[in-house]
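Notes for the one structure printed next.
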Amino acid sequence: MRFFSALRRVWPPGIAALFGLAFTGAAGADTVSHFTLDNGLQVVVVEDHRAPVVQHMIWYKAGSADEPPSASGVAHFLEHLLFKATDTLAAGELSATVAANGGRDNAFTSFDYTAYFQRVAADRLALMMQMESDRMRNIRLTPENIATERDVIIEERNQRTENNPNALFSEQKRAAQYLNHRYGVPIIGWMHEMQSLDMQDALTFYDRYYAPNNAILVVSGDVTPAQVRGLATRYYGAIPANPDLPPRLRSQEPPQTAERRIVFRDPRVAQPYVSRSYLAPERDPGAQQEAAALTLLAELLGGGTTSFLTQRLQFDTQIATYSGAFYSGVSLDRTTFDLVVVPGPDITLTQAETALDQALDAFLTAGVDAGQLARIKKQIRAEQIYARDNVDAIANRYGQALASGLTVEDVQAWPDVLEAVSADQILSAARKLLDKRASVTGWLTQEEPS
């Protein structure tokens, strides 16, 4: 049970906690079927008959950005509470049953969704649906559950955030990025609000959002659509839709017209660095071209040893020991495009930031290297193909996308959209994005920076 923070590339120690980003990509010729039950439950089936294994996932279109004011962390809190008792299961029985059947299970919360999954032998799928559908509507909480799990999530925040200056810095920087949108509130919640979460907070969120017409069932592995349809109809189909499900209306960010800056000082910082973020468009259904251009831009700028920032800041000038660029377009609302520079020995944060600005200007002047773009497209295509061998990854790809407002067709079209992006489109997207007046620049340091 965790709040979701996945990275597509590995960063140096201390840097990986900087952003909560999730990266996805379609895998080409997936064998996918999808349908909707009468009660509104969306169902996606991804067939892979090479091994007798299935991944069963239920995704709720409700994450931390859907929480009411003053109750930050309740989505993640409820995720923990769903492993307690139901009308038919004792507390912990679901996970114990999965383990006894040789499987594994967990759950995670992000800004736009909460997901629960089990990976088991294919002949145990019915049992998984029986248990998961039970806790969709039949959770039974006690005051003891509330007190225990509230302590657990508070300790989780202590360990992952309060004791980690990188996480604290990232949290403050994100709050500076999103002045009006709930993406500026941490997924795990603000400590002072977590401490007051109670049973009513949890049950209100549960009753509002945990319903079949707000959920997506994704089953990947050794199954057939007919098999999944029959089981889903039997176990989930009997659950009534929530007629009072609210629309996903969120306050949006106003146009940013002034550069924002933060400096976070902490004596525990082992490695100072510069980070910058820009608000960026997300992948929208039927309109993924700009997001595809930004995906490729991130790879061109900071996607590895041959990327522009790496070559210029690490090899040519030796200003940095690490540099990177990151973008994830799978988001219901506007996301961010992020840059990071870790300065080398005897290099100040001022020098590192100046070098970053100069490198970005040089990229916009030089344009996109055609050979590098071709190599990146081939690498991404290969990664998408390899991802088809992992039932976890493929189920996550479709679940994240649909929970964030995309469609199955968008996921399947994504490789071709990426392939069709031109160098001119990438450069146009870069010029539109990389306006320092619309950025948040943060310095993480031990002491007064110079």
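The values are calculated or read from the model by the stated rules, or taken from the named source; none is laboratory data. Predicted model only: the values in this text are computed from it and were never measured. In this analysis, Cβ positions are derived from the backbone assuming ideal geometry, glycine residues included, and neighbour counts consider all displayed protein chains. All accessible areas refer to the heavy atoms of the entire protein, side chains included, with ligands and DNA or RNA removed. Shrake-Rupley method; radii C 1.70, N 1.55, O 1.52, S 1.80 Å.
Side notes on the structure shown:
- Angle in degrees between helix 391-403 and the longest Cα principal axis of the chain, rounded to the nearest 10: 80
- Panel note: the C-alpha atoms of the chain, placed on their principal axes, show extents of 63, 48, 39 Å (largest first).
- With distances taken between every two different alpha-carbon atoms, region 251-348 has a Kirkwood hydrodynamic radius of 15.2 Å.
- Pairs of Lys residues in the chain that lie 8 or more places apart, or on two chains, and have C-alpha atoms under 30 angstrom apart add up to 7.
- On the principal axes of its alpha carbon atoms, region 358-450 extends 49, 36, 24 Å, with the longest extent given first.
- Taking the C-alpha atoms only, the angle from helix 125-137 to the longest principal axis of the chain is near 80 degrees.
- Considering all different alpha carbon pairs of region 190-261, the Kirkwood hydrodynamic radius works out to 16.6 Å.
- Couplings 3J(HN,Hα) of region 79-85, computed from phi: 3, 4, 5, 6, 8, 8, 6 Hz, in residue order, whole Hz [Karplus 6.51 cos²θ - 1.76 cosθ + 1.60, θ = phi - 60°; x for Gly and Pro].
- Helical runs (DSSP H, four residues minimum) scored at -39500 (n - 2.57) apiece and divided by the length of the chain put the mean residue ellipticity at 222 nm at -12000 deg cm²/dmol.
- Of the residues LYS378, LYS436, ranked by 1.4 Å probe accessible area with the largest first, the sequence reads LYS378, LYS436.
- Of the trypsin sites (Lys or Arg not before Pro) in region 253-298, those whose Cβ has at most 16 other Cβ within 10 Å and which sit in DSSP loop: ARG268
- To the nearest ten degrees, helix 225-235 and the longest principal axis of the Cα atoms of the chain are 60 degrees apart.
- Between the beta carbons of ALA99 and SER196, assuming R0 = 35 Å, the FRET efficiency works out to 0.55 to the nearest 0.05.
- Rg/Rh for region 50-116 (Cα atoms only, Rh after Kirkwood) is 1.05.
- Extension reserve of the SER428-PHE35 stretch, reckoned as 0.36 nm per residue once the Cα distance is removed: 137.7 nm
- With Cα atoms as the point set, region 155-230 shows a radius of gyration and Dmax of 18.4, 50 Å.
- Prolate/oblate/rounded label for region 344-396 (Cα gyration tensor, a/c 1.5): oblate
- Spacing of the two label points (7 Å from each Cα toward its C-beta) at GLN256 and ALA175, in nm: 1.7
- Taking 0.36 nm per residue of separation and subtracting the Cα-Cα distance, full extension of the segment from THR317 to ASP266 would add 15.5 nm.
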